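The values are calculated or read from the model by the stated rules, or taken from the named source; none is laboratory data. It should be emphasised that the depicted structure is a prediction, and the values quoted were computed from it without experimental measurement. Using ideal geometry, Cβ is built from the backbone for each residue, glycine included, and neighbour counts are taken over all protein chains shown. The area values use the complete protein model at the heavy-atom level, side chains included, leaving out ligands, DNA and RNA. Shrake-Rupley method; radii C 1.70, N 1.55, O 1.52, S 1.80 Å.
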Amino acid sequence: MNSFGSQFRVHIYGESHGSGIGVLIDGVPVGLKLCVDDFIVDLSKRKPGKTGTTSRIEEDIPKLTSGIFNNFTTGAPINIFFENSNTDSKVYSDFKTHPRPGHADFSATKKFLGYNDIRGGGHFSGRLTLGLVAAGVIAKKILKTITFETEIEKIGILNKNDFNSKLENYLLETGNSGDSLGGTISLKVMNLPIGLGEPFFESVESVLAAMIFSIPGVKGLEFGAGFKGTEFLGSEFNDIFIEKNGKTKSNNNGGINGGITNGNDLVLNVAIKPTSSIFKTQNTFNFKENSILPLQISGRHDVAFILRVPIVLENAVAIALADLYLKSKI
(Lines give C-alpha, C1' and ligand atoms only; values in the text may rest on other atoms or scores of the structure.)
Protein backbone atom coordinates (compact mmCIF):
# COMPACT_ATOMS: atom_id res chain seq x y z
CA MET A 1 0.00 0.00 0.00
CA ASN A 2 1.07 3.59 -0.58
CA SER A 3 -0.80 5.17 2.35
CA PHE A 4 0.18 5.93 5.92
CA GLY A 5 -1.80 7.16 8.93
CA SER A 6 -5.41 7.37 10.01
CA GLN A 7 -6.14 10.92 11.23
CA PHE A 8 -3.32 12.49 9.19
CA ARG A 9 -3.32 10.29 6.12
CA VAL A 10 -0.59 10.49 3.49
CA HIS A 11 -0.72 8.80 0.08
CA ILE A 12 2.27 8.99 -2.30
CA TYR A 13 2.10 8.37 -6.03
CA GLY A 14 4.13 8.57 -9.24
CA GLU A 15 7.36 7.19 -10.68
CA SER A 16 10.90 8.47 -10.93
CA HIS A 17 10.80 8.96 -14.71
CA GLY A 18 7.04 9.36 -15.20
CA SER A 19 5.32 12.69 -15.65
CA GLY A 20 5.87 13.47 -11.99
CA ILE A 21 5.39 12.39 -8.41
CA GLY A 22 3.08 13.67 -5.73
CA VAL A 23 1.43 13.29 -2.38
CA LEU A 24 -2.23 13.43 -1.31
CA ILE A 25 -2.79 14.42 2.30
CA ASP A 26 -6.12 13.99 4.08
CA GLY A 27 -7.14 14.98 7.59
CA VAL A 28 -5.37 18.35 7.65
CA PRO A 29 -7.06 20.69 10.13
CA VAL A 30 -8.76 23.72 8.62
CA GLY A 31 -7.31 27.19 8.83
CA LEU A 32 -3.59 26.41 8.65
CA LYS A 33 -1.77 29.12 6.71
CA LEU A 34 -0.06 27.43 3.77
CA CYS A 35 1.54 28.54 0.50
CA VAL A 36 4.29 27.40 -1.86
CA ASP A 37 6.94 29.42 -0.02
CA ASP A 38 6.39 27.31 3.13
CA PHE A 39 7.88 24.29 1.37
CA ILE A 40 11.01 25.82 -0.13
CA VAL A 41 13.42 25.54 2.83
CA ASP A 42 12.77 21.86 3.53
CA LEU A 43 12.63 20.88 -0.15
CA SER A 44 15.97 22.60 -0.77
CA LYS A 45 17.60 20.45 1.93
CA ARG A 46 16.74 17.35 -0.09
CA LYS A 47 18.05 18.74 -3.39
CA PRO A 48 21.28 17.41 -4.91
CA GLY A 49 24.14 19.67 -5.96
CA LYS A 50 26.71 19.02 -3.24
CA THR A 51 29.76 16.82 -3.70
CA GLY A 52 28.66 13.18 -3.55
CA THR A 53 25.12 13.74 -4.87
CA THR A 54 23.51 13.05 -8.24
CA SER A 55 23.78 15.44 -11.18
CA ARG A 56 20.05 15.07 -11.84
CA ILE A 57 18.63 18.45 -10.89
CA GLU A 58 14.87 19.01 -10.83
CA GLU A 59 13.08 22.27 -10.04
CA ASP A 60 10.85 20.54 -7.47
CA ILE A 61 8.40 23.43 -7.27
CA PRO A 62 5.28 22.15 -5.49
CA LYS A 63 1.97 22.57 -7.31
CA LEU A 64 -0.81 22.82 -4.74
CA THR A 65 -3.81 21.63 -6.72
CA SER A 66 -6.45 21.18 -4.01
CA GLY A 67 -7.26 21.77 -0.37
CA ILE A 68 -5.92 25.35 -0.27
CA PHE A 69 -7.97 28.52 -0.72
CA ASN A 70 -6.65 32.05 -0.12
CA ASN A 71 -3.49 30.47 1.40
CA PHE A 72 -5.39 28.58 4.10
CA THR A 73 -6.22 24.89 4.40
CA THR A 74 -9.90 24.17 3.71
CA GLY A 75 -10.27 20.73 5.30
CA ALA A 76 -10.39 19.05 1.90
CA PRO A 77 -7.58 16.68 0.82
CA ILE A 78 -4.43 18.54 -0.24
CA ASN A 79 -2.76 17.36 -3.43
CA ILE A 80 0.85 18.38 -4.08
CA PHE A 81 2.41 17.55 -7.44
CA PHE A 82 6.04 17.75 -8.58
CA GLU A 83 6.88 17.57 -12.27
CA ASN A 84 9.69 15.37 -13.62
CA SER A 85 11.53 17.35 -16.29
CA ASN A 86 15.12 16.04 -16.21
CA THR A 87 14.99 12.30 -16.93
CA ASP A 88 17.27 9.96 -18.86
CA SER A 89 15.56 6.57 -19.15
CA LYS A 90 17.60 4.77 -21.79
CA VAL A 91 20.09 3.31 -19.31
CA TYR A 92 17.37 1.34 -17.49
CA SER A 93 15.98 -0.81 -20.32
CA ASP A 94 17.88 -4.04 -19.50
CA PHE A 95 17.44 -4.13 -15.72
CA LYS A 96 14.41 -6.45 -15.74
CA THR A 97 16.53 -9.25 -17.21
CA HIS A 98 19.85 -8.19 -15.69
CA PRO A 99 18.73 -6.68 -12.36
CA ARG A 100 20.95 -4.38 -10.35
CA PRO A 101 22.21 -5.81 -7.04
CA GLY A 102 20.66 -4.03 -4.06
CA HIS A 103 17.74 -2.58 -6.04
CA ALA A 104 14.09 -3.58 -6.32
CA ASP A 105 14.49 -4.52 -10.00
CA PHE A 106 14.30 -8.28 -9.40
CA SER A 107 11.71 -8.41 -6.61
CA ALA A 108 9.43 -5.82 -8.26
CA THR A 109 9.58 -7.51 -11.66
CA LYS A 110 8.60 -10.83 -10.07
CA LYS A 111 5.85 -9.35 -7.90
CA PHE A 112 4.28 -7.24 -10.65
CA LEU A 113 4.80 -9.79 -13.44
CA GLY A 114 7.05 -7.47 -15.43
CA TYR A 115 4.50 -4.66 -15.75
CA ASN A 116 6.39 -2.40 -13.33
CA ASP A 117 8.02 0.80 -14.54
CA ILE A 118 11.76 0.09 -14.29
CA ARG A 119 12.96 3.59 -15.30
CA GLY A 120 14.92 5.21 -12.50
CA GLY A 121 13.57 2.59 -10.13
CA GLY A 122 9.99 3.57 -10.96
CA HIS A 123 7.75 3.74 -7.89
CA PHE A 124 10.57 2.37 -5.73
CA SER A 125 12.80 5.37 -6.37
CA GLY A 126 14.08 7.63 -3.63
CA ARG A 127 12.57 10.47 -5.67
CA LEU A 128 9.23 9.65 -4.07
CA THR A 129 10.61 10.83 -0.74
CA LEU A 130 9.91 14.30 -2.10
CA GLY A 131 6.29 13.62 -1.17
CA LEU A 132 7.29 12.77 2.40
CA VAL A 133 9.21 16.02 2.73
CA ALA A 134 6.22 18.01 1.43
CA ALA A 135 3.73 16.26 3.72
CA GLY A 136 6.13 16.75 6.62
CA VAL A 137 6.05 20.52 6.11
CA ILE A 138 2.32 20.43 6.81
CA ALA A 139 2.78 17.99 9.70
CA LYS A 140 5.18 20.41 11.38
CA LYS A 141 2.53 23.14 11.21
CA ILE A 142 0.17 20.82 13.08
CA LEU A 143 2.82 20.04 15.69
CA LYS A 144 3.46 23.79 16.20
CA THR A 145 5.95 24.13 19.10
CA ILE A 146 7.64 20.76 18.59
CA THR A 147 11.20 21.15 17.26
CA PHE A 148 13.66 18.82 15.52
CA GLU A 149 17.43 18.42 15.48
CA THR A 150 18.69 16.14 12.70
CA GLU A 151 22.34 15.43 12.02
CA ILE A 152 24.48 13.01 10.01
CA GLU A 153 26.68 11.24 12.56
CA LYS A 154 28.77 9.09 10.26
CA ILE A 155 29.46 8.57 6.54
CA GLY A 156 31.34 5.39 5.76
CA ILE A 157 34.26 5.27 8.19
CA LEU A 158 34.22 9.03 8.86
CA ASN A 159 32.66 10.47 12.02
CA LYS A 160 31.03 13.90 11.95
CA ASN A 161 34.01 15.49 13.69
CA ASP A 162 36.08 14.73 10.57
CA PHE A 163 33.57 16.03 8.01
CA ASN A 164 34.99 19.52 7.64
CA SER A 165 38.53 18.39 6.90
CA LYS A 166 38.10 15.02 5.20
CA LEU A 167 34.59 14.44 3.86
CA GLU A 168 34.83 16.10 0.45
CA ASN A 169 37.98 14.21 -0.53
CA TYR A 170 36.51 10.99 0.84
CA LEU A 171 33.40 11.43 -1.33
CA LEU A 172 35.45 12.28 -4.41
CA GLU A 173 37.80 9.34 -3.96
CA THR A 174 34.92 6.91 -3.42
CA GLY A 175 33.02 8.28 -6.40
CA ASN A 176 36.07 8.15 -8.65
CA SER A 177 36.57 4.51 -7.70
CA GLY A 178 33.00 3.78 -8.81
CA ASP A 179 31.77 2.92 -5.33
CA SER A 180 29.36 4.39 -2.77
CA LEU A 181 28.88 5.12 0.93
CA GLY A 182 26.26 4.81 3.65
CA GLY A 183 26.14 6.09 7.22
CA THR A 184 24.03 6.98 10.24
CA ILE A 185 21.72 9.87 11.12
CA SER A 186 20.57 11.02 14.55
CA LEU A 187 17.25 12.74 15.24
CA LYS A 188 16.06 14.49 18.38
CA VAL A 189 12.47 15.72 18.79
CA MET A 190 11.91 18.25 21.56
CA ASN A 191 8.86 19.66 23.35
CA LEU A 192 6.68 16.62 22.66
CA PRO A 193 3.58 16.36 24.85
CA ILE A 194 3.35 13.50 27.33
CA GLY A 195 0.98 10.70 26.35
CA LEU A 196 1.30 10.26 22.58
CA GLY A 197 1.03 6.62 21.51
CA GLU A 198 -0.74 3.54 22.81
CA PRO A 199 0.45 0.24 24.34
CA PHE A 200 1.66 -2.48 21.99
CA PHE A 201 0.58 -2.11 18.33
CA GLU A 202 0.12 1.67 18.34
CA SER A 203 3.22 2.39 20.38
CA VAL A 204 5.31 5.38 19.35
CA GLU A 205 8.15 3.01 18.42
CA SER A 206 5.83 0.86 16.29
CA VAL A 207 4.34 3.80 14.40
CA LEU A 208 7.67 5.55 13.86
CA ALA A 209 9.37 2.33 12.78
CA ALA A 210 6.69 1.67 10.17
CA MET A 211 7.21 5.15 8.73
CA ILE A 212 11.01 5.23 8.99
CA PHE A 213 11.49 1.86 7.32
CA SER A 214 9.37 3.15 4.43
CA ILE A 215 12.24 5.48 3.53
CA PRO A 216 14.29 3.75 0.82
CA GLY A 217 17.71 2.69 2.07
CA VAL A 218 16.95 2.57 5.80
CA LYS A 219 18.44 -0.61 7.29
CA GLY A 220 18.48 -0.01 11.03
CA LEU A 221 16.75 1.95 13.79
CA GLU A 222 17.59 2.56 17.44
CA PHE A 223 15.66 4.44 20.12
CA GLY A 224 17.57 6.04 22.97
CA ALA A 225 20.62 4.00 23.95
CA GLY A 226 19.63 1.37 21.38
CA PHE A 227 21.93 -1.63 21.02
CA LYS A 228 24.57 -0.02 23.22
CA GLY A 229 22.06 -0.14 26.05
CA THR A 230 22.20 -3.95 26.08
CA GLU A 231 25.63 -3.64 27.68
CA PHE A 232 24.25 -1.63 30.64
CA LEU A 233 23.06 -3.00 33.95
CA GLY A 234 19.44 -2.25 34.79
CA SER A 235 20.63 0.25 37.39
CA GLU A 236 22.59 2.03 34.65
CA PHE A 237 19.89 1.88 31.99
CA ASN A 238 16.93 3.05 34.08
CA ASP A 239 16.11 6.74 33.61
CA ILE A 240 15.83 8.25 37.08
CA PHE A 241 13.16 10.94 37.55
CA ILE A 242 14.58 14.24 38.79
CA GLU A 243 11.65 16.68 38.42
CA LYS A 244 7.91 16.58 38.96
CA ASN A 245 7.24 17.16 35.26
CA GLY A 246 8.82 13.77 34.49
CA LYS A 247 12.27 14.95 33.42
CA THR A 248 14.85 12.19 33.83
CA LYS A 249 18.56 12.20 34.63
CA SER A 250 19.40 10.04 31.61
CA ASN A 251 17.39 9.26 28.49
CA ASN A 252 18.28 5.69 27.61
CA ASN A 253 14.66 4.95 26.71
CA GLY A 254 14.70 7.76 24.16
CA GLY A 255 11.70 9.65 25.56
CA ILE A 256 9.32 6.67 25.45
CA ASN A 257 8.01 4.36 28.18
CA GLY A 258 5.39 1.71 27.52
CA GLY A 259 5.08 2.90 23.95
CA ILE A 260 4.03 6.37 25.16
CA THR A 261 5.95 9.66 25.07
CA ASN A 262 7.11 10.65 28.56
CA GLY A 263 7.94 14.32 27.98
CA ASN A 264 11.69 13.87 27.54
CA ASP A 265 13.33 14.32 24.16
CA LEU A 266 12.50 11.64 21.61
CA VAL A 267 15.87 10.33 20.45
CA LEU A 268 16.59 7.91 17.62
CA ASN A 269 19.36 6.84 15.27
CA VAL A 270 18.95 5.46 11.75
CA ALA A 271 21.32 3.42 9.58
CA ILE A 272 21.38 4.20 5.84
CA LYS A 273 22.89 1.71 3.40
CA PRO A 274 25.39 2.69 0.69
CA THR A 275 23.86 3.73 -2.65
CA SER A 276 23.04 0.54 -4.59
CA SER A 277 23.82 2.01 -8.03
CA ILE A 278 27.59 1.88 -8.30
CA PHE A 279 29.80 2.22 -11.36
CA LYS A 280 32.05 -0.71 -10.56
CA THR A 281 31.44 -3.75 -12.76
CA GLN A 282 29.50 -6.42 -10.88
CA ASN A 283 29.28 -10.05 -11.96
CA THR A 284 25.65 -10.90 -11.35
CA PHE A 285 22.99 -13.22 -12.80
CA ASN A 286 21.44 -12.35 -16.17
CA PHE A 287 18.00 -13.97 -16.37
CA LYS A 288 17.77 -13.64 -20.14
CA GLU A 289 21.08 -15.36 -20.80
CA ASN A 290 20.69 -17.73 -17.81
CA SER A 291 24.24 -17.10 -16.67
CA ILE A 292 26.37 -14.81 -14.53
CA LEU A 293 27.53 -11.85 -16.63
CA PRO A 294 29.21 -8.51 -15.89
CA LEU A 295 26.85 -5.62 -15.22
CA GLN A 296 28.09 -2.07 -15.80
CA ILE A 297 25.66 0.57 -14.54
CA SER A 298 25.68 4.04 -16.07
CA GLY A 299 23.52 7.08 -15.38
CA ARG A 300 23.39 9.67 -12.61
CA HIS A 301 23.58 8.45 -9.04
CA ASP A 302 24.55 9.69 -5.58
CA VAL A 303 27.86 8.53 -4.16
CA ALA A 304 26.26 8.91 -0.72
CA PHE A 305 22.52 9.51 -0.86
CA ILE A 306 22.60 9.78 2.94
CA LEU A 307 23.56 13.43 2.35
CA ARG A 308 19.97 14.07 1.23
CA VAL A 309 18.18 11.88 3.78
CA PRO A 310 18.18 13.98 7.01
CA ILE A 311 15.24 16.18 5.96
CA VAL A 312 13.41 13.10 4.64
CA LEU A 313 13.82 11.39 8.01
CA GLU A 314 12.86 14.52 9.94
CA ASN A 315 9.68 15.13 7.96
CA ALA A 316 8.72 11.46 7.86
CA VAL A 317 8.89 11.40 11.67
CA ALA A 318 6.83 14.61 11.72
CA ILE A 319 4.12 12.86 9.66
CA ALA A 320 3.93 9.97 12.11
CA LEU A 321 3.90 12.28 15.12
CA ALA A 322 1.20 14.47 13.59
CA ASP A 323 -0.98 11.40 13.15
CA LEU A 324 -0.40 10.36 16.77
CA TYR A 325 -1.04 13.93 17.94
CA LEU A 326 -4.36 14.20 16.11
CA LYS A 327 -5.40 10.78 17.45
CA SER A 328 -4.76 12.04 20.97
CA LYS A 329 -7.24 14.87 20.36
CA ILE A 330 -10.16 12.64 19.38
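Listing for the model above:
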quantity	calculated
Alpha carbon centroid spacing (whole Å) that separates region 146-172 from region 180-242	21 Å
Region 175-243, accessible area per residue, ligands and nucleic acids excluded (1.4 Å, Å²)	55 Å²
Kirkwood Rh, angstrom, region 201-281 [1 / mean 1/r, Cα pairs]	14.4 Å
Rounded tilt (10° steps) of 310-328 against the dominant C-alpha axis of the chain	40 degrees
Rounded tilt (10° steps) of 37-46 against the dominant C-alpha axis of the chain	60 degrees
Degrees, to the nearest 10: 129-143 long Cα axis against longest axis of the chain	10 degrees
Neighbourhood charge, 14 Å Cβ-Cβ cut-off, centred on Ala316 and excluding it, Lys, Arg +1 and Asp, Glu -1	+1
Surface accessible to a 1.4 Å probe, per residue, for the residues of region 267-314, Å²	45 Å²
Whole-Å semi-axes of region 1-50's equivalent ellipsoid (Cα gyration tensor)	22, 19, 10
Loop sites in region 1-52: trypsin sites (Lys or Arg not before Pro), DSSP, at most 15 other Cβ within 10 Å	Lys50
Percent carbon-and-sulfur accessible area, the chain, ignoring ligands, DNA and RNA, probe 1.4 Å	54 percent
At most 11 other Cβ within 10 Å, DSSP loop - GluC sites (Glu not before Pro), region 232-322	Glu243, Glu289
Hits among lysines - C-alpha to C-alpha of Lys247 under 28 Å, sequence gap 8 or more where chains match	Lys140, Lys141, Lys144, Lys188, Lys228, Lys327, Lys329
Taking the convex hull of Cα positions in the chain, its mean projected area over all directions (nm²)	18.9 nm²
Positive minus negative residues near Val267 (Lys, Arg vs Asp, Glu; Cβ under 11 Å)	-2
GNM top mover of Thr230, Thr284, Thr97 - the chain, alpha-carbon springs below 10 Å	Thr230
Amide H contacts of Gly220 (H built 1.01 Å from N, under 5 Å, at least 5 apart or other chain)	Ala271
The chain - charge dipole about Cα centre, Lys and Arg +1 at Cβ, Asp and Glu -1, debye rounded to 20	300 debye
Student exercise, region 109-153 dipole from Lys, Arg, Asp, Glu Cβ charges, in Debye to nearest 20	300 debye
Local electrostatic count at Lys160 - Lys and Arg +1, Asp and Glu -1, tallied over other residues with Cβ under 10 Å	-2
